[in-house]
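Enquirer: Quick one: structure below, then a few questions.
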Amino acid sequence: MKKEWRRYLGVHAPRYTSYPTALKFTPDVGADAYAERLDRVEPYEPLSVYVHVPFCRRLCWYCGCNMRVENDYGRALDYVTALIAEIQAVGRRLKGRGRPVAVHFGGGTPNYLLADDLAAILSVIEGEFGLTDDAQIAIELDPRSLRDDDADRLAALGFNRMSLGIQDFDLAVQEAINRIQSFDMIEACVGAIRSAGVNDLSFDVLYGLPKQTARSFESTIDKVIALAPDRVSVFGYAHLPAALKNQRMIRDEDLPDGRLRSELVDYADARLCAAGYMRIGFDHYAKPGNPLAEAMREGRLRRNFQGFTDDVADTVIGLGASAIGYIGGLYAQNEKDLRAYGERARRGELTTVRGVRRTDRDEVVAGAIAALLCRFEVDIRPLEAILGPEARRRMASRLGELAEERVVALRGGVLQINPDAYALARVAAMALDPDAPAFEKVSSAV
Ligand code: SF4
């Protein structure tokens, strides 16, 4: 990455897995608004279902997820009961309309739950919503919690996509983030998942973690490649200790500086591409032939709450505490507090407590940002046409700055991201977002 671009790696750009972003959610959207949209779902409309499992065995210092460390499995069982009640409440509104084409279990740690309990949840989803024969059923797995027969049992239940949280293989890094998992453990997990017949396995890797060095990260990426997952996600760690207490356990002086961060991301990209992976968007990689690579090749790549996806559904049903759904222009987020969530769900109520309705302007901005992130190219003239003079001037000034630095190029109203600047795609997207703060206000000294 060019030296002049490094400062942009320190910009805390939104992930743009939704637009408007969750910062715009308000209590004005509640269960009634969500119910009204559920009533409008069409028969056989494709649905994408997200199930949030908020429990973990231990706290990773870098974590930014909605999770809770829980040692009492009885509480997890209470949660499963509430989740099933919520699925039934949504099912009562849908009355058989809509059909899931994808179900994704995320967390937290979905495999904190025993396979029997995951089976119970999946079976209620199937009973209430139905499932297409070729539905993608995905689960995020913490390798440290994977039990001996989990991979076989999950595969037998229909889970056909699995992802493992790797982050980094180096012991010093793992100690600095409070997440110890040996290469042998990961290798055994991969073996179990492969022998269970799963042929869509994904790894998550993080750069920018404490104690990472060029050499340690090179070794991590080489080990990732040796284990041959079908997909790899390479995310940048965002250090936000003022907002996330657990990140205060990470010492500022252990974090890689801007130069090293750019070397790490460049190395990962070069090695993964040389090993035959296709770069998907700005932080995913997939083997040619993998459904995600096919979606990219055929121009069907999309972005949803899980990042880049080949999921075809526009409508997302979010289930579980803090889960976010999207139906017909409405983002609806469930109660985050586990006790309050459980009480509402067990009363048979929908548990939406906040969200936002997309305006016509939001639709245009969302479309432009999604196109830019998924295809690295967008015609910005429709966006210019609906922005007021002040927002248009701000967008032109940001794009001018990025164009001067050659991060983007603008020709005849078509904006393109320089392929070498792929890691800055979210920063380029900020330029199209009339509500985004100025780059300099969010830059850290890297
Ligand atoms: S396992 Fe995942 S969700 Fe749980 S603490 Fe670690 S990073 Fe957070």
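Enquirer: Does the range 198-250 hold any residues that are assigned to a helix (DSSP H, G or I), among the basic types (K, R) and over 22 Å from the mean Cα position of the chain (by Cα), and which are they?
Expert: Selection gives R215, K223, R248.
Enquirer: What residue, among those in the range 75-123 that are among the polar types (S, T, N, Q) and surrounded by fewer than 19 Cβ atoms within 10 Å (Cβ to Cβ), is farthest from R346 (Cα to Cα)? Spell out the reasoning first.
Expert: Within the range 75-123, the first condition is being among the polar types (S, T, N, Q), and the residues that meet it are 81, 88, 109, 111, 123.
Filter once more, so that each one left must be surrounded by fewer than 19 Cβ atoms within 10 Å (Cβ to Cβ): 81, 88, 123.
Numbers: T81: 8, Q88: 10, S123: 18 Å.
By that ranking, first place goes to S123.
Enquirer: I'd like to check something: does the range 293-304 contain any residue that is under 21 Å from the mean Cα position of the chain (by Cα), in a strand (DSSP E or B) and closer than 18 Å to V51 by Cα?
Expert: For the range 293-304, residues under 21 Å from the mean Cα position of the chain (by Cα), in a strand (DSSP E or B) and closer than 18 Å to V51 by Cα: present.
Enquirer: Tell me which residues, restricted to the range 164-178, are within 12 Å of the ligand (Cβ to nearest atom), surrounded by fewer than 23 Cβ atoms within 10 Å (Cβ to Cβ) and over 18 Å from Q247 (Cβ atoms).
Expert: Matches in the range 164-178: L164 only.
Enquirer: Just for the range 38-64: of the residues that are surrounded by fewer than 22 Cβ atoms within 10 Å (Cβ to Cβ) and not in a loop (DSSP other than H, G, I, E, B), which one is farthest from the ligand (Cβ to nearest atom)?
Expert: Taking the candidates together, the pick is P46.
Enquirer: Just a yes or no: is a residue in the range 50-72 farther than 26 Å from V173 by Cα and more than 18 Å from the chain's Cα centre (by Cα)?
Expert: The answer is yes; a qualifying residue exists.
Enquirer: In the range 401-428, how many are part of a helix (DSSP H, G or I), free of Cβ contacts under 8 Å to residues at least 40 places away in the same chain and not charged (D, E, K, R)?
Expert: Of the residues in the range 401-428, 2 are part of a helix (DSSP H, G or I), free of Cβ contacts under 8 Å to residues at least 40 places away in the same chain and not charged (D, E, K, R).
Enquirer: Something else about it: Over 21 Å from N160 (Cβ atoms), modelled with pLDDT of 95 or more and part of a helix (DSSP H, G or I), is that true of A268?
Expert: Taking the combined requirement at face value, the residue satisfies it.
Enquirer: Also, quick follow-up: Any chance you could count how many residues in the range 73-113 are under 22 Å from the mean Cα position of the chain (by Cα), among the small types (G, A, S) and within 16 Å of the ligand (Cβ to nearest atom)?
Expert: So the count comes out to 3.
Enquirer: What's the number of the only condition in (1) in contact (Cβ under 8 Å) with a residue 12 or more places away in the chain; (2) acidic (D, E); (3) in a helix (DSSP H, G or I) that D116 fails to meet?
Expert: Answer for D116: the failing condition is (1).
Enquirer: Residues to consider are A368, A396, A321, A345; find the one that is surrounded by fewer than 19 Cβ atoms within 10 Å (Cβ to Cβ) and hydrophobic (A, V, I, L, M, F, W, C).
Expert: Working: A368 fails: surrounded by fewer than 19 Cβ atoms within 10 Å (Cβ to Cβ); A321 fails: surrounded by fewer than 19 Cβ atoms within 10 Å (Cβ to Cβ); A345 fails: surrounded by fewer than 19 Cβ atoms within 10 Å (Cβ to Cβ).
A396 is the lone residue from the list that is surrounded by fewer than 19 Cβ atoms within 10 Å (Cβ to Cβ) and hydrophobic (A, V, I, L, M, F, W, C).
Enquirer: Are any residues in the range 230-281 in contact with a helix residue (DSSP H, G or I) (Cβ under 7 Å, 6 or more places away or on another chain) and among the polar types (S, T, N, Q), and if so, which ones?
Expert: Scanning the range 230-281 gives a single hit, S262.
Enquirer: Checking the structure you have, find out if any residue of the range 250-269 is within 16 Å of the ligand (Cβ to nearest atom), closer than 21 Å to R57 by Cα and surrounded by fewer than 22 Cβ atoms within 10 Å (Cβ to Cβ).
Expert: Checking the range 250-269: at least one residue is within 16 Å of the ligand (Cβ to nearest atom), closer than 21 Å to R57 by Cα and surrounded by fewer than 22 Cβ atoms within 10 Å (Cβ to Cβ).
Enquirer: Under the condition of being over 24 Å from the mean Cα position of the chain (by Cα) and without any contact (Cβ under 8 Å) to a residue 40 or more places away in the chain, which residue from the range 127-147 is nearest to the ligand (Cβ to nearest atom)? Steps first, answer last, please.
Expert: Of the range 127-147, the ones over 24 Å from the mean Cα position of the chain (by Cα) are 127-128, 130, 133, 147.
Keeping just the survivors that are without any contact (Cβ under 8 Å) to a residue 40 or more places away in the chain gives 127, 130, 133, 147.
Working: G127: 28, G130: 30, D133: 31, R147: 16 Å.
Top of the filtered list is R147.
The values are calculated or read from the model by the stated rules, or taken from the named source; none is laboratory data. No experiment lies behind these values; they were computed from the predicted model shown. Please note: Cβ atoms are built from the backbone with ideal geometry, for glycine as well, and neighbour counts cover all protein chains shown.
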